[in-house]
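A.B. asks: Supplied in structure tokens, the structure appears directly below.
The values are calculated or read from the model by the stated rules, or taken from the named source; none is laboratory data. Worth saying up front: this structure is predicted, and the values here are computed from it rather than measured. All Cβ positions, glycine included, derive from the backbone under ideal geometry; neighbour counts span all protein chains shown. Accessible surface areas use protein heavy atoms only, side chains included; no ligands, DNA or RNA. Shrake-Rupley method; radii C 1.70, N 1.55, O 1.52, S 1.80 Å.
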Amino acid sequence: MKKSLLLVAIMFLGALSTANAQKFTGLQKSPTDITYAKADRSAKPEIKVVYSRPQKKGRDIFGKLVKYDKVWRTGADEATEIKLFKDMKMGDKTIKAGTYSLYTIPGEKEWTVILNSDLDSWGAYSYDEGKDVARIKVPASSGDALEVFSIAFKKVDKGYHMVMGWDKTRIEVPFYM
């Protein structure tokens, strides 16, 4: 009886220590988000973007935190990924259906938007221009201040414009079918 009671006590203490051993990280500083381009709410997506959303937090963003004329991961943490569910054109460049990393090179007046075949990259540290699938230049414009980096789609004739914004900067990237 004493052995059984001792065995139960040891198992109970072991279970308690195992339950307390699991550690979870806190909230992500730049939460991951997903945005879709769809013809309507119930339609299947035609484009999907997975990205992390850094916050302004009183900082100067473009030209300071995010340097002009340098490759940027287009968000935070892992490089942003874009999935095209069918062949599309980004500007006048035809892109095969598939998943790509989305990089940008911000400038004061225009940005270069890059689709790259290298996936699962942290930041832009290992960016390889040789794996670029397409590049397009788009104008930069201004809008109301956004605290958090955001990507959304707007439906246009024969496709979508992917709108990216942070702080007072906006760009639109055309995708056509």
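A.B. asks: Can you name every residue in the stretch 39-62 that is without any contact (Cβ under 8 Å) to a residue 12 or more places away in the chain and closer than 24 Å to MET90 by Cα?
C.D. replies: Residues satisfying the conditions are ASP40, ARG41, ALA43.
A.B. asks: Still on this structure, I have one more. Looking at the structure I just gave you, is TYR51 at pLDDT 95 or above, under 14 Å from the mean Cα position of the chain (by Cα) and open to solvent by 60 Å² or more (accessible area, probe 1.4 Å)?
C.D. replies: Numbers: at pLDDT 95 or above: yes; under 14 Å from the mean Cα position of the chain (by Cα): yes; open to solvent by 60 Å² or more (accessible area, probe 1.4 Å): no.
Considered against the rule, which asks whether it is at pLDDT 95 or above, under 14 Å from the mean Cα position of the chain (by Cα) and open to solvent by 60 Å² or more (accessible area, probe 1.4 Å), TYR51 comes out as no.
A.B. asks: Of the conditions (1) of a type in the set (A, V, I, L, M); (2) under 18 Å from MET177 (Cβ atoms); (3) part of a strand (DSSP E or B), ALA43 satisfies every one except a single condition; which number is it?
C.D. replies: Going through (1) of a type in the set (A, V, I, L, M); (2) under 18 Å from MET177 (Cβ atoms); (3) part of a strand (DSSP E or B) one by one, ALA43 breaks only (3).
A.B. asks: Another one. Before we move on, is ARG59 open to solvent by 80 Å² or more (accessible area, probe 1.4 Å), part of a loop (DSSP other than H, G, I, E, B) and within 18 Å of ARG170 (Cα to Cα)? Don't jump to the end; show me each part of the working.
C.D. replies: On the way: open to solvent by 80 Å² or more (accessible area, probe 1.4 Å): yes; part of a loop (DSSP other than H, G, I, E, B): yes; within 18 Å of ARG170 (Cα to Cα): yes.
Taking the combined requirement at face value, the residue satisfies it.
A.B. asks: Here's another thing I want to ask about it. From the list ALA152, ALA145, ALA124, which residue is open to solvent by 40 Å² or more (accessible area, probe 1.4 Å), of a type in the set (A, V, I, L, M) and within 19 Å of the chain's Cα centre (by Cα)? Spell out how you get there, then give the answer.
C.D. replies: Working: ALA145 fails: within 19 Å of the chain's Cα centre (by Cα); ALA124 fails: open to solvent by 40 Å² or more (accessible area, probe 1.4 Å).
Testing whether each residue is open to solvent by 40 Å² or more (accessible area, probe 1.4 Å), of a type in the set (A, V, I, L, M) and within 19 Å of the chain's Cα centre (by Cα) leaves just ALA152.
A.B. asks: In the list LYS137, LYS70, LYS109, LYS158, which residue meets the criterion of being farther than 22 Å from ILE34 by Cα, surrounded by fewer than 19 Cβ atoms within 10 Å (Cβ to Cβ) and at pLDDT below 95? Quick ask: steps written out before the conclusion?
C.D. replies: Working: LYS137 fails: at pLDDT below 95; LYS70 fails: at pLDDT below 95; LYS109 fails: at pLDDT below 95.
One residue alone meets the criteria, LYS158.
A.B. asks: For residues that are in contact (Cβ under 8 Å) with a residue 24 or more places away in the chain, out of contact with any Gly (no Cβ under 8 Å at 6 or more places or on another chain), hydrophobic (A, V, I, L, M, F, W, C) and farther than 17 Å from GLY130 by Cα, tally how many sit in the stretch 63-117.
C.D. replies: Selection size over the stretch 63-117: 6.
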